[in-house]
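Below: the structure, in structure tokens.
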Amino acid sequence: MEDQVNGFVITIDGAAGTGKSSVAHELANRLGTECLDTGAMYRAAAVLSIDFNVNPNDGAALAAAIREKEIRFDWNQSPPVILLGGVDISQRVRDLDVSSVVSIVAQQPEVRQVLVEQQRAICMLHPLLVTEGRDQGSVVFPDAIVRFYLEAEVEERTRRRVKQLRDSGTSVNDEDIQRDIQSRDKLDSTRLDGPLICPNGAIKINTSALSKTEVVDLMESEVTSRLQE
Ligand code: DC
């Protein structure tokens, strides 16, 4: 249990719509840790590109803009709120124009370098951490005490994303969402830097037929037994 005193990191990676964000928050609540949504950081970089006219293909310019404007979280809120230049952009990051540009932004090695650096710095300040994204267990925290990799069928992922968007009042078409998910899957898993892969030694969970509670129950028991080793 010594790790628990000094801090520990749990990583959750997986494609869009596998349920990472909701299970990450629930797992963090149960374990009493903080929760880092790294997708929100890439989405904030996409907002920066769109709203401040920085070419999403110009990684160096974007990285410089990220350092200048500052992407950070307000950790006093639960879940933490993403800020760009001190402004709350937690609603803006979910807009469809942001979703369609974010994979291009996330392909830029310079952008990944800055954000990976920031994620490791966040971990120094918040050493009890559940972190979710695409490269958390493979690149950013390969020594995390437990690494999870979530999968789900594309139809189920589409159904979840459509429901999430409709619940937030956005009118969407199922085919458009499925196409967007498939095109992001392709870009996320084929990029050279930090591609979406199942990290070495990760525990794979297919969430298609499982409820959020069932997924978190599985994860919690894996973490508990690892911490007792
Ligand atoms: O999880 P999400 O849909 O909010 O992620 C938004 C985008 O950011 C997605 O296209 C993949 C990218 N991303 C990434 O490349 N690396 C991460 N660690 C997290 C997200």
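The values are calculated or read from the model by the stated rules, or taken from the named source; none is laboratory data. From a predicted model like this one, the values you see are computed outputs, not experimental measurements. Neighbour counts are summed over all protein chains in view; Cβ atoms, including those assigned to glycine, are modelled from backbone coordinates with ideal geometry.
Residue 56 satisfies every condition listed in (1) in contact (Cβ under 8 Å) with a residue 60 or more places away in the chain; (2) closer than 16 Å to residue 101 by Cα except (1). Answer yes or no as to whether residue 157 is under 16 Å from the mean Cα position of the chain (by Cα), farther than 22 Å from residue 227 by Cα and either of a type in the set (Val, Ile, Thr) or not in a strand (DSSP E or B) (or both). The answer is yes for residue 157.
When restricted to residues that are in contact with a Pro (Cβ under 7 Å, 6 or more places away or on another chain) and part of a strand (DSSP E or B), the range 137-154 contains 2.
So that you can scan it fast, the table gives a plain yes or no per residue for (1) more than 16 Å from the ligand (Cβ to nearest atom); (2) among the β-branched types (Val, Ile, Thr):
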{"site": "172", "(1), (2)": "no, yes"}
{"site": "184", "(1), (2)": "no, no"}
{"site": "190", "(1), (2)": "no, yes"}
{"site": "198", "(1), (2)": "no, no"}
{"site": "210", "(1), (2)": "yes, no"}
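Here residue 104 fulfils each of the conditions (1) more than 21 Å from residue 186 (Cβ to Cβ); (2) of a type outside the set (Asp, Glu); (3) in contact with a Pro (Cβ under 9 Å, 6 or more places away or on another chain) apart from (1).
Counting the residues of the range 115-148 that are of a type in the set (Phe, Trp, Tyr) and away from the ligand (no atom under 13 Å from the Cβ) gives 1. Just to be sure, is residue 213 of a type in the set (Val, Ile, Thr) and either assigned to a helix (DSSP H, G or I) or modelled with pLDDT of 90 or more (or both)? Yes; evaluated as a whole, the condition is true for this residue.
Residue-level check: of (1) surrounded by fewer than 16 Cβ atoms within 10 Å (Cβ to Cβ); (2) in a helix (DSSP H, G or I); (3) among the β-branched types (Val, Ile, Thr), residue 170 misses just (2). If you go through the range 97-107 and keep only what is near the ligand (Cβ under 10 Å from one of its atoms) and surrounded by fewer than 23 Cβ atoms within 10 Å (Cβ to Cβ), you end up with 98, 99, 100, 101, 103, 104, 107.
Table: residues versus (1) more than 20 Å from residue 32 (Cα to Cα); (2) touching a His at 6+ places or on another chain (Cβ under 8 Å); (3) crowded, with 21+ Cβ neighbours inside 10 Å.
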position: 79; (1), (2), (3): no, yes, no
position: 82; (1), (2), (3): yes, no, yes
position: 86; (1), (2), (3): yes, no, no
position: 95; (1), (2), (3): yes, no, no
position: 113; (1), (2), (3): yes, no, no
position: 123; (1), (2), (3): no, no, no
position: 127; (1), (2), (3): no, no, no
position: 132; (1), (2), (3): no, no, yes
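When the residues of the range 35-67 are filtered to those that are more than 16 Å from the ligand (Cβ to nearest atom) and more than 18 Å from residue 116 (Cβ to Cβ), the one that is surrounded by the most Cβ atoms within 10 Å (Cβ to Cβ) is 54.
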